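What follows draws every value from the coordinates through simple rules; no lab data is involved. Values in this document were obtained by computation on a predicted structure and should not be read as measured data. Note that each Cβ is placed from the backbone with ideal geometry, even for glycine, and that neighbours are counted across all protein chains shown.
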Amino acid sequence: MAAPAPEHTVEIADIARARVAVADVVRQTPVLPSLTLSERTGAEVVLKAENLQRTGSFKIRGALNKLAALGNRCARGVTAGSAGNHAWACAQAARSRGVRCEVFMPVEAPLSKVEGCRALGAVVHMGGASVDDCVALARARADEAGMAFVTRSTTPTSSPARGRSGSSCSRTSPTWQKWSCRSAAAG
């Protein structure tokens, strides 16, 4: 198991840069009330519908922000290892930026995710028994071909993109006294 990522404080300037990096691709998604969660908690609970993004998850935000942060370092392309959402997000981000993308997916990856990556122009390599195997293959390919590896975990470039999502929640309902932005990630 990998060591935890070092702590990184997300500043307002980081979120502002992420806003610019994702603006032309990311959809403005609604914040929807959850009656079930509201009843269980005794508080108003709403959910940001990031499943409405083209790739079905919030991960497009981090992938676009990472490509923006890489700048010319991704000119030869990017690689990623993932069973689905991260690979698909990298494929869309790369396509939108005109960058070559190769993704490494486990043999058990969902067909919808594999085909989604291919439809966006990514070269899909099937192999490895686990996501960790695929991450290792993607890192090796990046080193071999001079490509940039895009990690699937929380990094200084993915966290501000999530902060951007959270800041849109605060604008949607500015009268909230408390809000929490939680995003799940396999990394």
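Tabulated results
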read-out	value
Highest to lowest packing among 83-92, 62-71, 11-20, scored as the average C-beta count within 10 Å	83-92, 62-71, 11-20
Simple spin-label estimate for Thr9 and Ala119 in nanometres, 7 Å along Cα-Cβ	4.3 nm
Charge dipole magnitude, Cβ of K and R +1, D and E -1 - region 59-149, Cα centre, debye nearest 20	480 debye
Potential extension, Asp143-Glu44 segment - 0.36 nm per residue separation minus Cα distance	30.8 nm
Potential extension, Met126-Glu108 segment - 0.36 nm per residue separation minus Cα distance	5.6 nm
Relative packing of peptides 73-82, 36-45 - highest average C-beta neighbours within 10 Å first	73-82, 36-45
Extension gain, Arg73 back to Ser34 (0.36 nm per residue minus Cα-Cα distance, nm)	9.8 nm
